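The values are calculated or read from the model by the stated rules, or taken from the named source; none is laboratory data. In this text, all values refer to a predicted model and were calculated from it rather than measured experimentally. Cβ coordinates were reconstructed from backbone atoms using ideal geometry, including for glycine residues, and neighbour counts include every protein chain displayed.
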Amino acid sequence: MAVYLISDVTIRNPEAFEAYRSSAADSITQYGGRYLVRGGKVETLEGAWSPNPIIIVEFPDAERARAWYSSPEYSAALEFRDAALSRNLVLVEGVAPGI
């Protein structure tokens, strides 16, 4: 079943963010992930949540997402992360086909 990484990002340093983003994107692709949302315009329809840029990545399953998150490829991107951004990051299960 597909899973989704959802990240609410606060950019600290735009140059470091571009380095992080490029490195993270390469590693995501290697583990079967694909971007569904990558920082587009956000409009709050209900509630008081005013998120910063939202990023959503789909992985084929939780095992692939966790393998990516702990991979040596992604660890290269983490070298830029703390300078680049702060975030909230969650992994969410999708809906089984046919539901």
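Scanning the range 65-80 for residues that are within 14 Å of GLY32 (Cα to Cα) and either modelled with pLDDT under 90 or in contact with a helix residue (DSSP H, G or I) (Cβ under 7 Å, 6 or more places away or on another chain) (or both) turns up TRP68, SER71, GLU73, TYR74.
Of all residues in the range 40-53, exactly one satisfies the criterion of being surrounded by 15 or more Cβ atoms within 10 Å (Cβ to Cβ) and under 21 Å from VAL3 (Cβ atoms), namely PRO53.
Applying a threshold of 7 Å to beta carbon distances and a minimum spacing of six or more residues, or different chains, the list of pairs starting in the range 21-45 at a residue that is part of a helix (DSSP H, G or I) and ending at one that is modelled with pLDDT of 90 or more and aromatic (Phe, Trp, Tyr) reads ALA24/TYR74; SER27/TRP68; SER27/TYR74; ILE28/TRP68. Looking only at residues that are touching a Phe, Trp or Tyr at 6+ places or on another chain (Cβ under 6 Å) and in a helix (DSSP H, G or I) in the range 46-66, which one is nearest to ALA83 (Cα to Cα)? It comes out as ALA65.
When ALA96, ALA62, ALA83 are checked against the criterion of being at pLDDT below 90, hydrophobic (A, V, I, L, M, F, W, C) and either within 14 Å of the chain's Cα centre (by Cα) or farther than 17 Å from ALA25 by Cα (or both), ALA96 stands alone in meeting it. In the condition set (1) modelled with pLDDT of 90 or more; (2) in contact with a strand residue (DSSP E or B) (Cβ under 8 Å, 6 or more places away or on another chain), PRO51 is compliant with all but (1).
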